[in-house]
Amino acid sequence: MFGKLKEKLMGGAGGGMVIASPVKGKIVPLSDVADPTFAQGILGQGAAVVPAEGRITAPADGTIDVMFDTGHAVSMTTDDGTEVLIHVGLDTVQLKGEHYKACCKAGDKVKTGDTLIEFDPEAIKAAGYDIVTPVIICNSDAYSAVKAADPSPVEAGAPLLTLKK
């Protein structure tokens with residue numbers, strides 16, 4: 001009955017802004033990622049997803065800031081000012097774009113669910129790379145809390161992170 005009022009007062013559903021999972025897969029804590037830059041939160045807080053498919057979608061409405069030439073990572077700013085980095089795999093920049101296809105470019109306006117990157121998870125794994133995909137809030141210090149969903153299977157578009165101002 002008071003859902004809309006609660007959203008206005010609390011800053012969104014459940015008291016926070018939601019960043020959706022950009023890919024279907026299994027949520028893992030960022031601290032479990034086998035790369036210290038991500039695991040120690042050096043770039044910001046967040047979570048990771050082990051992809052079950054080869055398509056990365058926009059986790060919120062916003063604007064693409066950087067689409068890496070190699071197609072392995074993308075950063076965007078959501079319409080509410082959240083800076084999100086999605087990095088598909090670990091050390092995958094070394095693939096030099098092989099097995100990745102960028103589906104957007106810097107400056108593009110995107111809606112939640114729009115395809116940002118297509119990739120071949122099996123080929124990346126066969127090349128010896130971990131496909132775990134960190135989703136980082138690069139301006140984590142702008143929030144009092146960045147809470148990840150519990151480790152579990154997740155569908156693309158389902159809540160991954162909840163941010164509180």
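Per residue, the accessible area of the chain comes to 50 Å² when a 1.4 Å probe rolls over the protein heavy atoms.
Along its principal axes, the chain has C-alpha extents of 52, 32, 27 angstrom, given from the largest down.
Using a Förster distance of 25 angstrom, determine the FRET efficiency expected from the C-beta separation of LYS165 and ASP61, and round it to 0.05. If you can, show how the numbers build up before the last one.
Details: r = 18 Å, r/R0 = 0.72.
Step by step, r from the Cβ atoms, then E = 0.90.
The calculated 222 nm mean residue ellipticity attributable to helices in the chain amounts to -2500 deg cm²/dmol, summing -39500 (n - 2.57) over DSSP H runs of n ≥ 4 and dividing by all residues.
Projecting the Cα atoms of GLY128, MET17, VAL74 onto the charge dipole of the chain (Cβ charges, centred on the Cα centre) puts MET17 farthest toward the positive pole.
Projected label points at THR77 and SER152, each 7 Å from Cα along the beta carbon direction, are separated by 3.4 nanometres. Summary of the geometry: the stretch 139-156 and the stretch 32-59, compared by the centres of their Cα atoms, lie 11 Å apart.
Which entries of LYS96/LYS165; LYS26/LYS96; LYS26/LYS165; LYS26/LYS109; LYS96/LYS164 show an alpha-carbon separation above 29 angstrom in the structure shown?
Beyond 29 Å between Cα atoms: LYS96/LYS165; LYS96/LYS164.
Using Cα pairs closer than 8 Å and at least 6 residues apart in sequence, work out the relative contact order for the chain, in percent.
Computed over the chain, the figure is 33 percent.
Extension gain for ASP114 to LEU43 (0.36 nm times residue separation, less C-alpha to C-alpha distance): 23.1 nm. Relative to its Kirkwood radius, the Cα radius of gyration of the stretch 98-157 gives an Rg/Rh of 1.01. This model, with +1 at the C-beta of Lys and Arg and -1 at the C-beta of Asp and Glu, gives the stretch 23-157 a dipole about its Cα centre of some 140 debye. With all protein chains in place and a 1.4 Å probe, the accessible surface of the chain carries 54 percent carbon and sulfur.
If we count GluC sites (Glu not before Pro) as exposed when they sit in a DSSP loop and have at most 13 other beta carbons within 10 Å, what is the longest stretch of the chain that avoids them all?
On the way: sites that count: GLU53, GLU155.
Counting only loop sites that pass the neighbour cut-off, the longest clear stretch is 54-154.
The values are calculated or read from the model by the stated rules, or taken from the named source; none is laboratory data. Just so it is clear, the model here is predicted, and its values are computed rather than measured. Neighbour counts run over all protein chains shown; Cβ positions are idealised from the backbone, glycine included. Accessible surface is based on the protein model in full, side chains and every heavy atom, while ligands, DNA and RNA are left aside. Shrake-Rupley method; radii C 1.70, N 1.55, O 1.52, S 1.80 Å.
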